[in-house]
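**Q** Dropping a structure here in structure tokens format, bear with me for questions.
Quick note: the coordinates plus some simple rules give every number you see, no bench work behind them. Everything numeric here is computed off the predicted structure, so don't read it as measured data. Counting neighbours? That spans all protein chains shown, and the Cβs are built from the backbone with ideal geometry, glycine included.
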Amino acid sequence: MLDDFRTLVNDMIRDNVERVTADQLDRAIGRAVIQYGKDKPRAVVEDIVSPGGKVLDFPDGAIRVIGIEYPVAEMPASRLRSDQWSVYEAPAGKQIVLDIATQAASYVRLTVTRRHLLSDDDDTIPDTDQEAVASYAAAILFDQISADTSGDGSPTIAADAVNHQAKPDNFAKRAERLRQRYYDLLGIDPKRVQAASVNVTVPMASTTGGPRLLHHRRRPR
């Protein structure tokens with residue numbers, strides 16, 4: 001539950017000077033749960049009642065539909081292929097469009113992804129991933145502490161002088177290590193492949209419509 005995560009994160013940051021407020025702690029945990037949901041979506045199997053025909057309402061609160069079974073409870077399971085259904089963006093909301101017609105009042109079994117829940121009453125994060133989520137939340141807080149301490153000035157009394165510049169750097173490094181620990185515990189490569197972009201210079205046409213030449217071409221003799 002949420003209190004367990006608060007304890008885990010507090011153990012990681014060890015905020016003896018109370019830089020982190022209770023609200024900041026809960027917000028960091030909430031953001032970590034959102035990130036975790038992106039990296040490991042929560043799959044939920046739900047049965048809905050069909051109105052009949054080929055169109056179904058998209059389940060409220062669902063993020064994606066990843067599987068459809070119809071008819072329900074057949075052995076082996078009668079799962080529709082991915083090319084037998086699609087999600088349509090209608091003005092009134094999303095709809096699921098099937099290639100086959102369903103009977104009215106019959107059940108259709110959907111596998112959907114939903115957000116993870118973490119509160120005083122609900123917790124959908126597996127025990128094996130709790131440390132990972134807590135690590136990400138602690139990383140967020142260390143990033144904030146690093147930004148907060150970057151404005152700390154060095155004291156004018158030499159006897160009390162410490163390396164204040166090292167503070168934000170140390171906090172930033174701790175944030176980086178904890179964020180990497182999150183990825184390591186979940187077995188995720190943080191260096192996700194991104195599409196490469198290429199800058200292309202398009203030659204402009206001349207005023208006569210022909211190619212614009214930078215150098216005169218020599219005519220073959």
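**Q** V87: net charge of surrounding residues, Cβ under 14 Å, Lys/Arg +1, Asp/Glu -1, itself excluded?
**A** For residues surrounding V87, the net value is -1.
**Q** Quick one: go through region 23-48 and flag any residue whose amide nitrogen is under 15 Å from the point 7 Å out along the Cα-to-Cβ line of L117.
**A** Flagged as within label range: 42-46.
**Q** Can you work out ³J(HN,Hα) from phi for every residue in region 69-81, in order, using Karplus 6.51 cos²θ - 1.76 cosθ + 1.60 and θ = phi - 60°, giving whole Hz and x for Gly and Pro?
**A** Rounded to whole hertz, the list is 10, 7, x, 7, 6, 8, 10, x, 4, 8, 8, 6, 6.
**Q** Lysines within cross-link reach of K94: Cα-Cα under 27 Å, excluding same-chain residues under 8 positions apart?
**A** Straight-distance partners of K94: K38, K40, K54.
**Q** Next up: Give me the net charge for the shell around A43: Cβ to Cβ below 15 angstrom, other residues only, Lys and Arg +1, Asp and Glu -1.
**A** So the surrounding residues net to +3.
**Q** Moving on. Below 17 Å, Cα to Cα, which lysines can K173 reach? Residues fewer than 8 away in the same chain don't count.
**A** Straight-line reach from K173, under 17 Å: no lysines qualify.
**Q** Grab the Cα-Cα distance for Q180 and M75, subtract it from 0.36 nm times how many residues apart they are, and report the gain in nm with one decimal.
**A** Taking 0.36 nm per residue and subtracting the Cα distance, the gain is 33.4 nm.
**Q** Pulled fully out, how much extra length does the chain show between R27 and D39, if you take 0.36 nm times their separation in residues and subtract their Cα-Cα distance?
**A** Working it through step by step, the gained length comes to 2.5 nm.
**Q** If you add up the charges near T113, with Lys and Arg at +1 and Asp and Glu at -1, over every other residue whose beta carbon is less than 13 angstrom from its beta carbon, what do you get?
**A** That works out to +4.
**Q** Next question. Identify all aspartates and glutamates with a Cα-Cα distance to K191 below 17 Å; exclude those on the same chain that are fewer than 8 residues away in sequence.
**A** Cα-Cα hits under 17 Å: D39, E176.
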